[in-house]
There are 2 protein chains.
Amino acid sequence: MKKMMLVYAALILAFLTYVFMYRLEDRRTSAWEEGGLHGSIGENYVMVTFQSGMEYWKNILKGFEDGGDALGVSVDYRGSTQYDVEEQITVLEQVIAKRPAGIALSAIDSKALTSTINKAVDAGIPVVLFDADAPDSNAYSFLATNNYEAGVAAADKMAQLLGREGEVGIITQPGQQNHDDRSEGFRETLTQRYPAMTVAEVKEGKGDTLVAKGAAADMLDKHPNLKGIFVTEASGGMGVADAVIGADKTGEVAIIGFDTNKGTLDRISDGTIAATIAQGTWNMGYWSLQYLFHLHHGLTVPAPTLGNDVSPLPTRVDTGISIVTRENVNDYYAK
Amino acid sequence: MKKMMLVYAALILAFLTYVFMYRLEDRRTSAWEEGGLHGSIGENYVMVTFQSGMEYWKNILKGFEDGGDALGVSVDYRGSTQYDVEEQITVLEQVIAKRPAGIALSAIDSKALTSTINKAVDAGIPVVLFDADAPDSNAYSFLATNNYEAGVAAADKMAQLLGREGEVGIITQPGQQNHDDRSEGFRETLTQRYPAMTVAEVKEGKGDTLVAKGAAADMLDKHPNLKGIFVTEASGGMGVADAVIGADKTGEVAIIGFDTNKGTLDRISDGTIAATIAQGTWNMGYWSLQYLFHLHHGLTVPAPTLGNDVSPLPTRVDTGISIVTRENVNDYYAK
């Protein structure tokens, strides 16, 4: 009887061992032999911006979170509350102190954050930049809209709306690189592709609804044949819409705006603004997370001696744009 | 006694059930709850080039294969054997007929493949382009070197080698876009950043070792103070090296070449060529595979109505460059 019990006990022990070994083997199989990219929930990737309440960041964070879900890792969001360089540096220092698996940063200033970024990279924390670059830093990649190409797309859309002819105007912020790039892409495309179209005037809108409204009203007054206005940012777009309504020219003057804040989308829904350029914000967040994951796990280009002269990742990513019109505007309202 | 045996049998059965259930649960956990990106071995992604024997494709294919391993999917390689437009179209048609999960293509001609590419996209087969674009096609993305930026990097390296002063020459293929971009990035960077450096002459090398050798010999003869030559492709680089050896100026004239064929690497090892620009070829292959995987599995930007005006993926990716010198040349020989 005692002998039998020992035999059964041995059998049970064998099974327990089998269960335990099986578990180990299964883990290894799913991680290696079947392939697949997945991290652990303990890996924490942090997205850092300035003006953390801004509507614009929401869809970038959505992409960052979706990337985290896809790869089974954790994400966090931090940002300075104000448009304040020192505050963003402090926030970035705090994030670095927690030693996250990676940091995706939109730099409020192209120079001021360089040494803090390099501090993170030197400490072995991968950093990528999105939307706003710090080109002298050692961050591994920059993911953003190619603003010149966005201007090209706006020009092609304007040409389509106006049957490839007529006078148009631009309201922008001269001297700011991203806005200058948008204007230049727009102007050069009209010159090169649409000989029957001309830019009648370029005016300063200061990124302000009232200033842009005044500028657009002047423009409409001075150029009675004006058939379209391209405005390179969202607040100004609202002002241009107000000016066109004020001049009783809704539907006669095609407005193309930029970005997809609620005000712009409402003006597309009611027909005042013809189209707006939506930036590939989800892509900025999603592919930033992917790049950080690849850096953290050493999955980038297998170069044994990585120095400053070697790019382990694509260095510059044009995250693309989409054109929003009345037909697809409902897809762009925040869900 | 029989009662005891029944109790033990029941216990053993319970363990067997536990093992089985555990296995099921573990599978599900690793596939869903923990996240992770992995496909199935039945998913086949195909890389298509022209001149399939060319050394240049090897590292791109390595990246494509590494991407397939990482995501647990199959990859294949097809290419026309010759530099022949019609042959590449035929190869692409054959690949489409097998309905792969995705196609990464380097287009031999920027126009001729457009309708075949669109046929694949219309049939629901995702296509991305790498290295050589077909800009009018409906392919989802283009991953390649930004040649202007590669020229900028060559200029910065040349300035470093020459102590920021002296006369230099360029040997290139005027009229070919990628070579013109490299030359322009090089020239404009010298003008903007290095006032004590000048471009003495730009000569045609025709992508041929002997022609480039002759051009470089003339240049060295005509400009005795020449301190450096930037040559925008690999065959010409060999010729320039021969000319510098022939003029007995090894070490006096700094040569910066392009790409990493064995001949160039050997000339870096022996000190004739100072540096060469390595393109981010592994990145072209790896991220092409990633993009196709994301398109195949519907993991791109969640926009319900994808039309031609919507970019589900980053549209243009600069895959980056690396600078190869005697210090790191051994990492670039094919393993």
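Since every read-out is calculated from the coordinates, none of them should be taken as a lab result. None of these values were measured; they are calculated from a predicted model. For neighbour counting, all protein chains shown are included, and Cβ atoms are generated from backbone atoms with ideal geometry for every residue, glycine included.
Two decimals, Cα atoms only, Kirkwood Rh: what is Rg/Rh over region A:147-278? Before the final figure, lay out the partial values.
Working: Rg = 12.7 Å, Rh = 13.9 Å.
Rg/Rh: 0.92.
When the gyration tensor of the protein assembly as shown is built from Cα positions, what are the square roots of 5 times its three eigenvalues, in whole Å, from largest to smallest?
The answer is 46, 38, 25 Å, longest axis first.
Stretch A:Glu252-A:Tyr56 to full length: gain in nm at 0.36 nm per residue minus the Cα-Cα span?
Net length gain for the segment: 67.6 nm.
Applying the Karplus parametrisation 6.51 cos²θ - 1.76 cosθ + 1.60 with θ = phi - 60° to the phi angles of region A:251-259, what ³J(HN,Hα) value in whole Hz is obtained for each residue in order, glycine and proline being reported as x?
x, 8, 10, 7, 9, 10, x, 9, 6
Kindly give the distances from A:Ile41 to its copy-mates, label point to label point, with each label point 7 Å from Cα along Cα→Cβ, as nm values to one decimal ordered shortest first.
Label-point separations across copies, in nm and ascending: 3.1.
For peptide B:67-74, how many partner chain Cβ atoms fall within 10 Å of a residue's Cβ, on average? Spell out each step's value before the answer.
Details: counts 2, 1, 2, 6, 3, 7, 2, 0.
Partner-chain Cβ atoms within 10 Å, mean over residues of B:67-74: 3.
For every other residue with a beta carbon closer than 10 angstrom to the beta carbon of B:Gly320, add +1 if it is Lys or Arg and -1 if Asp or Glu, then tell me the sum.
Neighbour charge sum, excluding B:Gly320 itself: -1.
Let me spell out the model: positive unit charges on the Cβ of Lys and Arg, negative unit charges on the Cβ of Asp and Glu, origin at the Cα centre of chain B. What dipole size does that give, in debye rounded to 20?
Roughly 1240 debye for chain B.
Output, in nm with one decimal and in ascending order, the distances from the A:Asn330 label point to the matching label points of the other copies (7 Å from Cα along Cα-to-Cβ).
Output for A:Asn330: 6.5 nm, nearest copy listed first.
Between copies, how far apart are the B:Val121 label points? List them in nm, one decimal, shortest first, with each point 7 Å from Cα toward Cβ, please?
For B:Val121, the other copies' label points sit at 3.5 nm, shortest first.
So which lysines can A:Lys3 reach, going by Cα to Cα under 20 Å and dropping same-chain residues fewer than 8 places off?
Candidates past the 8-residue exclusion: B:Lys2, B:Lys3.
Which lysines, on any chain, are close to A:Lys62 with Cα under 18 Å apart, when same-chain ones fewer than 8 places away are left out?
Qualifying lysines at Cα under 18 Å: A:Lys262, A:Lys335.
Cut-off under 25 Å on the C-alpha distance; same-chain residues fewer than 8 positions from B:Lys222 excluded. Which lysines are left, in chain and number order?
B:Lys157, B:Lys203, B:Lys206, B:Lys213, B:Lys249
Counting only other chains, what is the mean number of Cβ atoms within 10 angstrom of the Cβ of each residue in peptide A:141-153?
Working: counts 3, 1, 2, 1, 1, 3, 0, 0, 2, 0, 0, 0, 2.
That average works out to 1.
What value does chain A have for Rg/Rh, both radii from Cα atoms and Rh as Kirkwood defines it?
Radius of gyration relative to Kirkwood radius: 1.17.
What is the local net charge at B:Ala200, summed over the other residues whose Cβ is closer than 9 Å to its Cβ (Lys, Arg +1; Asp, Glu -1)?
Spelling it out: positives minus negatives among the neighbours equals -1.
Could you work out the mean count of beta carbons from other protein chains within 10 Å of each residue's beta carbon in B:39-48?
Per residue, the number of nearby Cβ atoms from other chains is 1 on average.
Taking region B:133-205, which GluC sites (Glu not before Pro) meet the DSSP loop condition and have no more than 12 other C-beta atoms within 10 Å?
B:Glu165
Just report the Cα centroid separation between region B:124-200 and region A:87-144, whole Å.
Centre-to-centre distance over Cα atoms comes out at 27 Å.
Loop by DSSP (not H, G, I, E, B), at most 15 other beta-carbon atoms within 10 Å: where is the longest site-free stretch of chain B for chymotrypsin sites (Phe, Trp or Tyr not before Pro)?
B:84-332
Could you grab the relative contact order for chain B? Cα pairs under 8 Å, six or more apart, rounded to a whole percent.
17 percent
Long-range amide H contacts for A:Asp131: which residues qualify at under 5 Å (H placed 1.01 Å from N, peptide plane, sequence gap of 5 or more or a different chain)?
A:Leu143, A:Ala144, A:Thr145
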